[in-house]
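Have a look at the structure below, then the notes.
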Amino acid sequence: MKEFTEKILQKAKDLGASYADVRIIKGANESINIKNGKVDALAAASDYGFGVRVIVNGSWGFASSFTVTDEEAEKVVQQAVSIARASSRLKREDVKLAPVEPAEGHFESEWKINPFDVPLEDKINLLLDADKIMRQQPEIKISEGQMNFWKTDETYASTEGSYIEQVKIESGAGIEATAIEAGEMQRRSYPAFGGDYASRGYEFVEGWNLVDHAESIAKEAAELLKAPQCPSDTRDLILEGSMLALQVHESCGHPIELDRVFGTESSFAGTSFLTTDKLNTFRYGSDKVNIVADATAPGGLGSFSFDDEGVPAQCVDIVKNGIFSGYLSSRETAAQMGWESSGGAMRADGWSRIPIIRMTNINLLPGDWTFDEIIKDTKDGIYAAGVQSWSIDDKRLNFQFGTEVAWEIKDGSLGRMLKNPTYTGITYEFWRGCDAIAGKDEWHLWGVPSCGKGEPMQTARVGHGVAPSRFRNVRIGVMESQSSESEE
Amino acid sequence: MTNGNGKLLGQERLQELAQKALSFSSADQTQVTIGIGQNSLTRFAGSIIHQNVAERDATVAVRAIIGKKIGFAVGNSISDEAIKATVEKAIEFARHQQENPDFVSLPKPKPIQKPVPTFFDSTAEFSADDRAAAVEKIVKAADKVNAHAAGSLSTGYSEHIIANSLGINAYDADTSSTFTTVITADTGFGYAQRISSDITKLDIDKAADEAAKTADRSRNPEPFEPGEYDVVLTPYCVEDMVSFLSWMGFSALAVQEGRSFMSGKFGQKICGDNITIWDDGLDPRTNVRPFDGEGFPKQKVELIKNGVANAVVYDSYTAYKEGKESTGHAMGGTGTQGPYATNMFLAPGNATVEEMIASTDRGIFVTRFNYTNIVHPLLTIFTGLTRDGTFLIEDGKITKPIRNLRFTESILDAFSNVEMIGKDLMLCGAATVPALKIKNFRFTGATEF
C-alpha cells in the first residue's frame with residue numbers, strides 16, 4: 001500500500017501541490033433489523049476506495065474513486081489538482097496549516113469478541129427473544145430491535161511524511177416498543193433510542209442485556225397511552241443519560257466546532273453563538289459544569305488514535321467550571337486561531353468524503369451526587385427519559401426536545417408518569433441552571449452513530465459521556481395545548 | 001439514448017453486468033441493482049471557495065430470496081469477482097434468515113414510460129471551473145448589498161440498472177444539479193435554492209439576487225413576542241411540511257403498522273378542502289425518475305384529495321400483502337423503510353405572494369424553516385424555527401425584520417387553516433409546491449437573533 005500512496009503523493013507534488021494527503025479505506029458493515037417477530041433486514045455492506053486532498057495555489061481540492069488502481073490514481077490526483085486550481089479563483093489568502101509531527105505506525109481499537117465472527121443465528125435470536133417479550137404486551141403494535149457492526153481499515157499518508165494505519169471495530173444495539181391505541185402512539189426504547197454504540201466488540205452488545213429489559217419498556221409504552229399529558233409549566237428538570245447525551249450533542253458539541261464558528265457551515269447546518277471573543281470569558285454553564293472533548297476515551301464511539309489529518313487523539317477542555325474554554329479544531333482552523341497545533345477533530349465519512357471538523361467524545365464530567373440524592377433533593381420537578389424529538393436553531397441557542405417519558409417529582413419522590421414531555425430553553429441559560437450532576441458510578445459514555453453534517457452530507461459516529469443531572473427552572477410541556485385539543 | 005460523451009458505461013454494459021450477477025445466483029428469486037456515477041460539489045463561505053470535491057462511486061446491491069427468506073448485500077466494485085462475492089454474501093445471509101410470511105414475490109416486469117429526458121450533457125460536463133465562475137456571480141450579487149455569500153453548487157451524473165430474475169430489466173441515466181446560498185448582511189440573512197436536472201435551468205443569477213435582497217432587508221431584526229399569527233410561507237417552508245407528511249404517513253407500511261395519520265381515516269376529511277396533494281414521478285416539473293428501487297414504473301397517486309385522505313404509496317412487499325399492485329414507490333436497499341413518496345405536488349391556487357402579504361393585517365412572512373422535527377407523528381405535530389429572513393407584516397405591507405421564532409404546530413391543523421394558495425409551483429426537494437398563507441400558526445418560542 002505504501003508504494004501506492006507514495007506514487008499518489010509524488011504525482012500531487014509534481015502537479016504543483018504544496019501539500020497532499022491520501023486515505024485508503026476498506027469498510028465492512030453488518031446490520032440486523034427485527035420488527036414484529038420477523039427479521040426485517042439482514043444486510044452486509046462492503047466498501048473500498050481512496051480519496052486525495054491537495055493544496056494548490058493556496059486552495060483546497062479533493063477527489064476520490066472506488067477504483068483503486070495506479071491508472072485511476074493518476075486521474076484522481078489530476079482531478080483534485082484541477083479542482084484546487086478552480087478553488088483558487090475565489091480565495092482571500094493561502095490556506096495555512098498548524099504544524100503536526102509526522103507519525104508512522106499501526107493502531108487497532110480494542111475489542112474482545114469480533115462481532116463478525118459471532119454466528120448470525122446467535123445475534124438474530126438475541127433480538128428475536130427481546131422482540132417476543134415486547135409483543136406479549138397487547139398494546140405493543142410495533143416491536144423493533146437492531147444491531148450494527150462496523151470494521152474499518154484505514155491508511156493515511158501525507159506529503160509531510162506521515163503513514164498511519166488504523167483498524168477499528170464498532171458495535172451496538174437497541175430495542176424499541178411502540179404502543180398504539182385510539183389515536184395515541186407512544187414509544188419506549190432501551191438502552192437508548194436508536195441503540196447505544198461503542199468502539200468495542202460483541203461483548204458491548206451482550207453487556208446491555210436487551211432481553212432482560214424488553215418487558216419493562218413494553219409496559220412503560222403501554223402505560224404511556226393512558227398517562228396524563230405533561231403540563232405546561234416551569235419546573236426543575238432531571239435528565240436521564242441518553243437524553244442528556246443528545247442535549248450535550250446539540251447544545252455543546254455542535255457550537256464548539258470551529259468551522260461553524262468561522263462560518264463555513266453557515267449555508268447548511270448553521271453557525272455558532274460561541275464566537276471567538278467568548279473564549280475563556282463566557283459563562284456557558286454553572287460552576288458545576290465541566291466538559292471535555294476526549295478522543296482518547298477507551299471504547300468511545302468518537303475515539304481514535306489519529307484523526308484524518310494525522311493529528312494524534314487528544315483530550316481538550318471545552319468548559320471548565322462553567323467557563324467556555326475550548327473548541328473542536330482542524331489544522332487549518334487552529335492556524336487561523338494562531339494556535340501551535342490542531343485539537344485533532346478532523347474526520348471524514350469514508351474514503352469518498354473530505355475530512356471536516358467532527359465531535360470526538362464530548363463528555364460532561366461526573367459530579368458528586370447520586371441519582372437518588374438528586375430526586376430526594378427536588379421539591380417540584382420532572383424526571384425525563386429517552387429521546388423522542390430534537391430541534392435547535394442555527395446558532396445553537398434556542399432548543400426544544402421531546403422525551404419518550406417523564407415522571408413527576410414531588411417533595412423528593414418520583415410520582416405519576418407523564419406522556420409527551422417536552423422542554424425548551426436557551427443553551428447558556430439552561431446550562432447555568434445545572435446544579436447537580438451524578439457521579440462516576442452513574443456516568444456512561446453513550447455512542448451516537450448518526451451525526452449528520454456537511455455537504456455532501458457526512459455521517460459520523462460520536463460519543464457523549466454523561467451522568468443524570470438536574471437543571472433548575474426549565475420551561476416544560478410546550479405542546480400541551482395541541483395534544484389536549486386532539487383528545488377532545 | 002445519450003452516452004454522456006463517454007462518461008457512462010451505457011445500457012448494454014450495465015445490462016451485461018446485471019445479467020451476470022443474476023447468473024451467479026442460485027436463489028429462488030434475485031434482484032440486482034447496479035449504479036455508477038460521479039458527484040461534484042463546490043462550497044463557498046465568506047465569499048471564498050473553502051471546499052471543492054468530486055467523488056466517483058458505484059453500488060452493487062443484491063437481494064436474494066430463498067423460499068420466504070431474504071438476504072441483502074451491497075458492495076462498491078463492479079469486477080466479476082466482487083459481484084460474485086456480493087451475490088454469494090446475499091445468499092449466505094438469506095440461508096441464515098428466518099422466514100418472512102408476509103413476503104409474496106419480487107415484482108414482475110411492466111412497461112416503463114419516460115416522458116422527458118433525464119440526462120443533460122450540460123450538467124454532466126459542468127466543470128470545477130464552471131462552478132467557480134458561477135460562485136463568482138453569487139459573490140457579486142452579495143457584494144452589491146455589502147454582504148457575503150455562503151452556499152454550495154453541486155452537479156452529478158449517474159446511471160443505474162435494476163434487474164430481477166422475473167424479467168425486470170430497467171436502465172436509466174440521469175443528471176442532477178442543486179444550488180443553495182445563504183447571504184449574510186451583518187445581522188441580516190437571505191436564502192435561495194434551485195434544483196434541476198439541467199444546470200442551464202437553475203437561473204443562479206436570479207436566485208442569488210433573491211437571497212441578497214432578503215439579506216439586505218432583514219438587517220437589525222427586532223425581538224418579537226411568540227404567539228398565534230397569520231403567516232405567509234414560501235415554497236421552501238411548504239416543502240418541509242409536505243415532506244414531513246410523507247415521512248409520517250404517506251407510506252403503505254406506515255398505514256399497515258398503524259403509525260400513519262392516514263390509518264383508519266381514508267375517505268375522511270383530514271385538512272382543508274383547498275388542499276390536494278399527489279405524487280407523480282413522471283411529471284416534468286419534478287426530477288423525473290421513470291421507475292422505483294425495484295425497477296417498477298412510477299404511478300401517479302392522489303394522496304389527499306380536496307382535504308380527504310385518499311391513498312398512500314406502495315412497494316411490492318406492502319402491495320402484495322394487500323393483494324394490490326405496487327405504485328412504483330420502492331426505495332431500494334433492504335426495503336425495510338418501506339415505500340416513500342418523493343415527487344409530491346401540492347395543487348396550486350391563484351394568488352401571488354404579494355397578494356397574500358397585501359391581504360394580511362398583522363402576520364409574519366417566513367423565508368425558510370430550520371431544523372424541523374416531528375414531535376408527535378399521529379397528531380402531525382412538528383417543531384422548528386424560522387431562518388434567513390423573518391418579517392413582520394402590518395396593514396398589508398412588510399414593515400420590519402424580526403428575530404427568528406420557534407413554532408410548534410400540527411401540519412394538518414395548519415393545512416386546515418390555509419387562506420390563500422400561490423399560483424406558482426416550485427421544486428424544492430421532495431415536493432413541488434406553492435407559497436401558502438395560513439391563519440393562526442402557532443409560534444411557541446423566540447431566539448436571540
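Numerical summary
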item: Any pair with Cβ under 6 angstrom, 6 or more apart, that starts in the stretch A:330-345 at a residue that is closer than 15 Å to residue A:312 by Cβ and ends at one that is outside any loop (DSSP other than H, G, I, E, B); result: A:330/A:346; A:330/A:357; A:342/A:331; A:342/A:334; A:343/A:316; A:345/A:328; A:345/A:357
item: Residues satisfying the stated conditions in the stretch B:219-233, i.e. surrounded by fewer than 24 Cβ atoms within 10 Å (Cβ to Cβ) and closer than 16 Å to residue B:441 by Cα; result: B:224, B:225, B:226, B:227, B:228, B:229, B:230
item: First in the stretch B:54-65 and assigned by TED's automatic domain parsing to the domain that holds residue B:36, second anywhere and in a strand (DSSP E or B) and of a type in the set (Val, Ile, Thr), Cβ under 6 Å, 6 or more apart; result: B:58/B:36; B:60/B:34; B:61/B:33; B:61/B:74; B:62/B:32; B:64/B:30
item: Residues located in the stretch A:67-98, provided they are touching a strand residue (DSSP E or B) at 6+ places or on another chain (Cβ under 6 Å), polar (S, T, N, Q) and assigned to a helix (DSSP H, G or I); result: A:79, A:87
item: Among the residues listed as B:212, B:192, B:208, B:185, the single one being farther than 30 Å from residue B:328 by Cα, free of Cβ contacts under 8 Å to residues at least 24 places away in the same chain, in contact with a helix residue (DSSP H, G or I) (Cβ under 7 Å, 6 or more places away or on another chain) and not basic (Lys, Arg); result: B:192
item: Strands (runs of 3 or more DSSP E) within the stretch A:381-488 that include 1 or more residues of a type in the set (A, V, I, L, M, F, W, C) and under 30 Å from residue A:150 (Cβ atoms); result: A:398-410, A:444-453, A:458-466
item: Filter result for the condition that a residue is closer than 30 Å to residue A:102 by Cβ, outside the structural domain of residue A:465 (by TED's automatic domain parsing) and crowded, with 24+ Cβ neighbours inside 10 Å, over A:162, A:171, A:158, A:199; result: A:199
item: Selected residue [under 30 Å from residue B:208 (Cβ atoms) and either within 7 Å of chain A (Cβ to nearest Cβ) or at pLDDT 95 or above (or both)] from B:92, B:55, B:88, B:81; result: B:55
item: Options B:69, B:110: the member that is within 9 Å of chain A (Cβ to nearest Cβ), in contact (Cβ under 8 Å) with a residue 24 or more places away in the chain and surrounded by fewer than 24 Cβ atoms within 10 Å (Cβ to Cβ); result: B:69
item: Subset of the stretch A:403-417 [touching a residue at least 24 places away in the same chain (Cβ under 8 Å) and under 17 Å from residue A:379 (Cα atoms)]; result: A:406, A:407, A:408, A:409, A:410, A:411, A:412, A:413, A:414, A:416, A:417
item: Qualifying residue in the stretch A:457-479 (condition: touching a helix residue (DSSP H, G or I) at 6+ places or on another chain (Cβ under 7 Å), within 30 Å of residue B:191 (Cβ to Cβ) and either within 11 Å of another protein chain (Cβ to nearest Cβ) or of a type in the set (Lys, Arg) (or both)); result: no
item: Of all residues making up the stretch A:1-44, the number that are of a type in the set (S, T, N, Q) and within 22 Å of residue A:197 (Cβ to Cβ); result: 3
item: Failed condition for residue A:100, given (1) buried (at least 17 other Cβ atoms within 10 Å of the Cβ); (2) more than 11 Å from every other protein chain (Cβ to nearest Cβ); (3) within 25 Å of residue B:76 (Cα to Cα); result: (3)
item: Residues that are in contact with a strand residue (DSSP E or B) (Cβ under 8 Å, 6 or more places away or on another chain) and either of a type in the set (D, E, K, R) or surrounded by fewer than 24 Cβ atoms within 10 Å (Cβ to Cβ) (or both), drawn from the stretch A:412-424; result: A:414, A:415, A:416, A:417, A:418, A:419, A:424
item: Output for the stretch A:5-41, where each listed residue is of a type in the set (A, V, I, L, M, F, W, C), touching a residue at least 60 places away in the same chain (Cβ under 8 Å) and under 30 Å from residue B:98 (Cα atoms); result: A:28, A:32, A:34, A:39
item: Any strands (runs of 3 or more DSSP E) falling wholly within the stretch A:1-66 and containing at least 3 residues that are closer than 20 Å to residue A:106 by Cα and more than 8 Å from chain B (Cβ to nearest Cβ); result: A:19-35
item: Residues (touching a strand residue (DSSP E or B) at 6+ places or on another chain (Cβ under 8 Å) and buried (at least 24 other Cβ atoms within 10 Å of the Cβ)) located in the stretch B:327-341; result: B:327, B:328, B:329, B:339, B:341
item: Within the stretch B:124-167, tally of residues that are on the phi > 0 side of the Ramachandran plot and within 11 Å of chain A (Cβ to nearest Cβ); result: 1
item: Selection from the stretch B:415-443 of residues that are of a type in the set (Lys, Arg) and within 14 Å of chain A (Cβ to nearest Cβ); result: B:442
item: Qualifying residue in the stretch B:386-402 (condition: part of a strand (DSSP E or B), away from every other protein chain (no Cβ under 11 Å), closer than 30 Å to residue A:184 by Cα and in contact with a helix residue (DSSP H, G or I) (Cβ under 8 Å, 6 or more places away or on another chain)); result: no
item: Enumeration of residues in the stretch B:339-383 that are part of a strand (DSSP E or B), over 16 Å from the mean Cα position of the chain (by Cα), closer than 16 Å to residue B:412 by Cα and not aliphatic (A, V, I, L, M); result: B:376, B:382, B:383
item: Residue check for residue A:351: more than 23 Å from residue A:272 (Cβ to Cβ) and either in a loop (DSSP other than H, G, I, E, B) or at pLDDT below 95 (or both); result: yes
item: Of all residues in the stretch B:37-46 being more than 7 Å from chain A (Cβ to nearest Cβ) and polar (S, T, N, Q), the one that is nearest to residue B:142 (Cα to Cα); result: B:42
item: Any hit, the stretch B:168-190, residues being crowded, with 18+ Cβ neighbours inside 10 Å, assigned to a helix (DSSP H, G or I) and assigned by TED's automatic domain parsing to the domain that holds residue B:39; result: no
item: Top-ranked residue of the stretch B:339-385 - restricted to ones that are among the β-branched types (Val, Ile, Thr) and in contact with a Leu (Cβ under 8 Å, 6 or more places away or on another chain), ranked as nearest to the other protein chains (Cβ to nearest Cβ); result: B:380
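For (1) farther than 22 Å from residue B:178 by Cβ; (2) outside the structural domain of residue B:197 (by TED's automatic domain parsing); (3) in a helix (DSSP H, G or I), each residue gets a yes or a no:
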{"position": "B:82", "(1), (2), (3)": "yes, no, yes"}
{"position": "B:94", "(1), (2), (3)": "yes, no, yes"}
{"position": "B:108", "(1), (2), (3)": "yes, no, no"}
{"position": "B:118", "(1), (2), (3)": "no, no, no"}
{"position": "B:132", "(1), (2), (3)": "no, no, yes"}
{"position": "B:138", "(1), (2), (3)": "no, no, yes"}
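The values are calculated or read from the model by the stated rules, or taken from the named source; none is laboratory data. Computed from a predicted model, the values in this text were never measured in an experiment. Quick reminder, even Gly has a Cβ in these numbers, built from the backbone with ideal geometry, and neighbours come from all protein chains shown.
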